[in-house]
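A.B. asks: I'd like to ask some things about the structure below.
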Amino acid sequence: MDCIFCKIINGEIPSKKIYEDDKAIVFMDINPNIDGHCLIVPKKHYTDFKELDDEIILHIEKIKREMTDKLMKKLNVNAMTISMNYGESQIVKHVHIHLLPNFIVKMKPEKSVDEVYEILKSED
Ligand code: AMP
Ligand code: ZN
C-alpha cells in the first residue's frame, strides 16, 4: 500500500520518533505548524477514525496523555492543542492525531449560536 505513514512505521522512510511501542508511534511532523508539532499514529493502517477499535482508542488516549505531559514539560509551555483532521482536511489517509504545543487557534464564526443550534436540532 502506498501510504507514507505505513512506510515510516516499517522503516522504509526515516522519521524523528519520540515514542514507539508495538501498537503506535509518535514522530515529529515534517512540516510543523509550531515548534514540537508531533503526530500519534497507530501502527495498523486505519484510514478513518471510525474504524478504530476500543483497544486502540484507549491505547492512543494513554499515549496522548503521556506525550502531552512530556512535550509541555520539555518545551516549557502551558498550552496544548490536540486535534484530528477529517474529511477533506485529512491529507494523509492513515489515522493520526496532531499534538500542537502552545498552538492556539482562534477563528471567527459566520453564524450566530442560535442559527447553528436551529440547524443542529432540526430533524434529518
Ligand atoms: P493531515 O492529514 O492534514 O492531518 O496532515 C498530515 C500531516 O502529516 C501534515 O502535518 C504533514 O506535514 C505531515 N507529514 C507528511 N509527511 C510526513 C513525513 N514523511 N514525516 C512526518 N510528517 C509528515
Ligand atoms: Zn498507512
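A.B. asks: Would you check if His45 is more than 14 Å from ligand 2 (Cβ to nearest atom) and touching a residue at least 40 places away in the same chain (Cβ under 8 Å)?
C.D. replies: Criteria not met by His45.
A.B. asks: Mind checking which pairs have a first residue in region 89-104 that is near ligand 2 (Cβ under 9 Å from one of its atoms) and a second that is part of a helix (DSSP H, G or I) and of a type in the set (A, V, I, L, M, F, W, C), Cβ under 7 Å, 6 or more apart or different chains?
C.D. replies: Pairs found: Val92/Ile4; Val92/Phe5; His94/Phe5; His94/Cys6; Val95/Phe49.
A.B. asks: Any chance region 105-119 includes a residue that's part of a loop (DSSP other than H, G, I, E, B) and at positive phi?
C.D. replies: Scanning region 105-119 turns up no residue that is part of a loop (DSSP other than H, G, I, E, B) and at positive phi.
A.B. asks: Identify, from the list Ile91, Ile25, Ile56, Ile30, the residue that is closer than 16 Å to Phe5 by Cα and buried (at least 16 other Cβ atoms within 10 Å of the Cβ).
C.D. replies: Ile25
A.B. asks: Give region 43-54 a look and list any residue that's in a helix (DSSP H, G or I) and either more than 15 Å from ligand 1 (Cβ to nearest atom) or touching a helix residue (DSSP H, G or I) at 6+ places or on another chain (Cβ under 6 Å) (or both), or say none.
C.D. replies: Lys50, Glu51, Asp54
A.B. asks: How many residues are within 11 Å of ligand 1 (Cβ to nearest atom), exposed (fewer than 15 other Cβ atoms within 10 Å of the Cβ), closer than 24 Å to Asp35 by Cα and of a type outside the set (Lys, Arg) if we restrict to region 5-21?
C.D. replies: Looking only at that region, the number is 2.
A.B. asks: So, one more: Can you say whether Thr68 is of a type in the set (S, T, N, Q), touching a residue at least 24 places away in the same chain (Cβ under 8 Å) and assigned to a helix (DSSP H, G or I), as far as the supplied structure shows?
C.D. replies: Taking the combined requirement at face value, the residue satisfies it.
A.B. asks: A follow-up question, please. Report yes if some residue within region 64-80 is within 16 Å of ligand 2 (Cβ to nearest atom), within 30 Å of Asp2 (Cα to Cα), under 14 Å from the mean Cα position of the chain (by Cα) and not small (Gly, Ala, Ser); otherwise report no.
C.D. replies: No.
A.B. asks: Residue check, Ile40 against (1) without any contact (Cβ under 8 Å) to a residue 60 or more places away in the chain; (2) under 25 Å from Asn102 (Cβ atoms); (3) in a loop (DSSP other than H, G, I, E, B); (4) more than 8 Å from ligand 1 (Cβ to nearest atom), all met but one. Which one?
C.D. replies: (3)
A.B. asks: Suppose we filter Ile57, Ile13, Ile18 for residues that are part of a strand (DSSP E or B) and at pLDDT 95 or above; which single one remains?
C.D. replies: Ile18
The values are calculated or read from the model by the stated rules, or taken from the named source; none is laboratory data. These figures come from a predicted structure and were not determined experimentally. Counting neighbours? That spans all protein chains shown, and the Cβs are built from the backbone with ideal geometry, glycine included.
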